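Structure, as structure tokens:
The values are calculated or read from the model by the stated rules, or taken from the named source; none is laboratory data. All figures in this text were calculated on a predicted structure; none of them were measured in a lab. Cβ placement follows ideal geometry from the backbone for every residue including glycine, while neighbour counts extend to all protein chains displayed.
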Amino acid sequence: MADFSLDLNEDQLQIQKWVHDFAEGVIRPAAEEWDEREETPWPIIQEAANIGLYSWEFVANAFADPLGLTFAITSEELTWGDAGIAMAILGSTLAVSGIAGNGTPEQIAEWVPQCFGTPDKIQLGAFAVSEPDAGSDVSSLRTRAVYDAATDEWVLNGTKTWITNGGIADVHVIVAAVEPELKARGHASFVVPPGTPGLRMGQKFKKHGIRASHTAEVILDDVRVPGSCLLGGKEKLDERLARAREGKSTKTQAAMSTFEASRPLVGAQALGIARAAYEYSLDYAKERQQFGRAIIENQAIAFKLADMKTEIDAARLLVWRACWMASQRKAFLNGEGSMSKLKAGEVAVWVTEQAIQILGGYGYVREYPVERWHRDAKIYTIFEGTSEIQRLVIARNISGIHIK
């Protein structure tokens, strides 16, 4: 029996250093510029593709880690560089999670590489669930998918919102209602191939944080996709819908299977922001002189930093546990995935706020990066399920009661 250890292995350490060097040398120097521009940082994505970091091969190898930690480590290091740019690089993996979580092996082999393209022709993926009237309440999706048996095509109509890479992606994964009366159990996921008529970008959002990541509406107007673009296939969908109509439980739901896989990794992203703010604050507190001594010599500052470090490390342990459980196919019986995302997101917001307080006036101006980290952190208590939704998931799991 293997001894218990929290040490990263040699492969994980090498990948951690490789990604950290990229974050330090390429992402951080460009962070302020792309935050101000509020545009997709194509040159940075290109550099990531050139070294193999933005590629389906890297994602496949990372997810193949038997301990489940490689992608969490990668996510933390990238957001340590900058969360907006990191999201521009990582955004396609959400589409990958949707494809891998619901697709057949043949569909995974066909579509996952197209979410990244090649260094010579970079492509993007997007995963679209949220709608103007269906954010936290995923069961209320209005986007419809209707099967046309005459042509073996699915016809999609609706509007998605808050979509990372929405409208500019080459491959869109759309979650739509096939049988709305079944709520979430009547949903299915569809791949919309590049250049499909009827899919267009709606409003592009100007955001509080992670500004280098493109977020927009996706409008679907009689979008026709081949039957082969239904993830999992029609036979499997028909069986699942039949069970749902009979009131029997279904093992997977199109949206939730993706969120379950991604929540710990979103938590890892939040950790990167928190760590960046903590490290910067620690260095600042050692150098900043007031009343004839470094401000870290005051308990008010020193204890704040001690709490920041403690909270970050506690959150990381929850993230790593959830990633390890997922890799071992252990069910999140107590909402462990939601725990990790909840804790890490809340910690990121709190730590970045403490960082501003430590820097005082300097923490509030754009000349210093902590105000940007604070803006970036807030989204981690909102997207991929708000903190309130995470608490609801955990409460339902630990109680066995359908708490509303």
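For the range 230-240, check the following and say yes or no: at least one residue is assigned to a helix (DSSP H, G or I), in contact (Cβ under 8 Å) with a residue 24 or more places away in the chain, among the basic types (K, R) and not assigned by TED's automatic domain parsing to the domain that holds N102.
Yes.
Exactly one condition in (1) at pLDDT below 95; (2) buried (at least 18 other Cβ atoms within 10 Å of the Cβ); (3) among the charged types (D, E, K, R) is false for E179; which is it?
For E179, the exception is condition (2).
Could you say which residue among A30, A64, A72 is surrounded by fewer than 24 Cβ atoms within 10 Å (Cβ to Cβ) and more than 28 Å from G167 (Cβ to Cβ)?
A64
Taking the conditions exactly as written (part of a loop (DSSP other than H, G, I, E, B) and free of Cβ contacts under 8 Å to residues at least 12 places away in the same chain), does D65 satisfy them or not?
So D65 does not fit the description; no.
In the range 348-381, how many are assigned to a loop (DSSP other than H, G, I, E, B), surrounded by fewer than 17 Cβ atoms within 10 Å (Cβ to Cβ) and either among the small types (G, A, S) or in contact (Cβ under 8 Å) with a residue 24 or more places away in the chain (or both)?
Summing the residues that are assigned to a loop (DSSP other than H, G, I, E, B), surrounded by fewer than 17 Cβ atoms within 10 Å (Cβ to Cβ) and either among the small types (G, A, S) or in contact (Cβ under 8 Å) with a residue 24 or more places away in the chain (or both) in the range 348-381 gives 1.
Mind telling me which of the residues I51, I85 ends up being more than 30 Å from H187 (Cα to Cα), in contact (Cβ under 8 Å) with a residue 60 or more places away in the chain and hydrophobic (A, V, I, L, M, F, W, C)?
When all the criteria are applied, what remains is I85.
Report the residue count in the range 84-117 for those that are surrounded by fewer than 19 Cβ atoms within 10 Å (Cβ to Cβ) and closer than 12 Å to D170 by Cβ.
Qualifying residue count for the region: 1.
Pick from the range 290-342 the residues that are among the basic types (K, R) and out of contact with any Gly (no Cβ under 7 Å at 6 or more places or on another chain): which of them is farthest from E384 (Cα to Cα)?
Within the range 290-342, the match that is farthest from E384 (Cα to Cα) is R293.
Conditions tested, residue by residue: (1) assigned to a helix (DSSP H, G or I); (2) closer than 15 Å to C229 by Cα; (3) touching a Leu at 6+ places or on another chain (Cβ under 7 Å).
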| residue | (1), (2), (3) |
| --- | --- |
| A72 | yes, no, yes |
| E77 | yes, no, no |
| W80 | yes, no, no |
| A88 | yes, no, no |
| V96 | yes, yes, no |
| Q114 | yes, yes, no |
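Just wondering, is there one or more residues in the range 16-27 that are basic (K, R), free of Cβ contacts under 8 Å to residues at least 40 places away in the same chain and assigned to a helix (DSSP H, G or I)?
yes
In the range 289-334, what count of residues is obtained for those that are buried (at least 17 other Cβ atoms within 10 Å of the Cβ) and not in a helix (DSSP H, G or I)?
1
Rundown of residues vs (1) acidic (D, E); (2) under 20 Å from T70 (Cα atoms); (3) within 21 Å of the chain's Cα centre (by Cα); (4) in a helix (DSSP H, G or I), yes/no style:
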| residue | (1), (2), (3), (4) |
| --- | --- |
| Q12 | no, yes, yes, yes |
| E32 | yes, no, no, yes |
| P43 | no, no, no, yes |
| A48 | no, yes, yes, yes |
